[in-house]
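Here the structure is laid out as structure tokens; the discussion comes afterwards.
The values are calculated or read from the model by the stated rules, or taken from the named source; none is laboratory data. None of the values given here were measured: they were computed from a predicted structure. No Cβ is skipped: glycine too gets one built from the backbone with ideal geometry, and neighbour counts run over all protein chains shown.
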Ligand code: SF4
């Protein structure tokens, strides 16, 4: 927090701002752990009463490696440090300063529910049939299409699960300004939604109807063929 000369965050009797500047002074690079350090996160949300800012607004002139997430994935944090230590270099970063190897894909790109999105099969309410069948959570607010992170492939707790697998949409916690990016349970309006494709039940019904119609036609033709020729042939 920059407000009141940093007095909103005091560590050991001094503004944290002072500690940050001292710590960064001799650093080769600074890793901004989490969405607070990377973007400002909840305390920087409107109306931001303490004038909270991310690290790159305070520390300039040296690389800032952003590792956003609320919290970031443990394996991602480890991977960034390992890269620095093993290669003695900054990992390749995207235009926003995030390591590409972990933030190069959207949650949507690696989501196991993506086939349901493509098929236009969506959860409309958390207690509907689609929710029970594990359909896409986009219409109940999933931010996967606009969120860059590794949750879809690395997951959490040694790969055990992640929010979407637990039945809740991604809230986009690793993106800038996510607290002010609309209500979590409202769908994004900027993403085109595929038209609803027939589900397996509908396809099954259509096939059954077509088969029944075929049987009727076949029966009619057979009947006509077996009819005695009134012309006496
Ligand atoms: S919108 Fe969310 S639940 Fe649906 S496919 Fe994309 S990331 Fe997965």
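Mind checking which residues of region 14-55 are surrounded by fewer than 18 Cβ atoms within 10 Å (Cβ to Cβ) and part of a helix (DSSP H, G or I)?
Scanning region 14-55 gives 16, 18, 19, 21, 22, 23, 24, 25, 42, 43.
Collect the residues in region 88-104 that are within 16 Å of the ligand (Cβ to nearest atom) and surrounded by fewer than 16 Cβ atoms within 10 Å (Cβ to Cβ), keeping them in residue-number order.
Hit for region 88-104 is 104, nothing else.
Give me the pairs, please: first residue somewhere in region 133-148 and at positive phi and more than 8 Å from the ligand (Cβ to nearest atom), second residue anywhere and at pLDDT 95 or above and not in a loop (DSSP other than H, G, I, E, B), beta-carbon distance under 9 Å, and either six or more positions apart or on two chains.
134/116
Out of all the residues in region 163-174, is one or more within 14 Å of the ligand (Cβ to nearest atom), within 30 Å of residue 56 (Cα to Cα) and free of Cβ contacts under 8 Å to residues at least 24 places away in the same chain?
yes
Only one of (1) modelled with pLDDT of 95 or more; (2) exposed (fewer than 11 other Cβ atoms within 10 Å of the Cβ); (3) farther than 26 Å from residue 71 by Cβ is not met by residue 117, so which one is it?
(2) is the only condition that residue 117 fails.
For region 56-92, which residues satisfy the criterion of being over 30 Å from residue 7 (Cβ atoms) and either in a loop (DSSP other than H, G, I, E, B) or in the same structural domain as residue 147 (by TED's automatic domain parsing) (or both)?
Scanning region 56-92 gives 73, 88, 89, 90, 91, 92.
Residue by residue through region 22-39, note down the ones that are in contact with a helix residue (DSSP H, G or I) (Cβ under 6 Å, 6 or more places away or on another chain) and farther than 20 Å from residue 75 by Cβ.
Within region 22-39, just 30 meets the criteria.
I'm told residue 184 meets every condition in (1) modelled with pLDDT of 95 or more; (2) crowded, with 16+ Cβ neighbours inside 10 Å; (3) assigned to a loop (DSSP other than H, G, I, E, B) except one. Can you identify the failing condition by its number?
(1)
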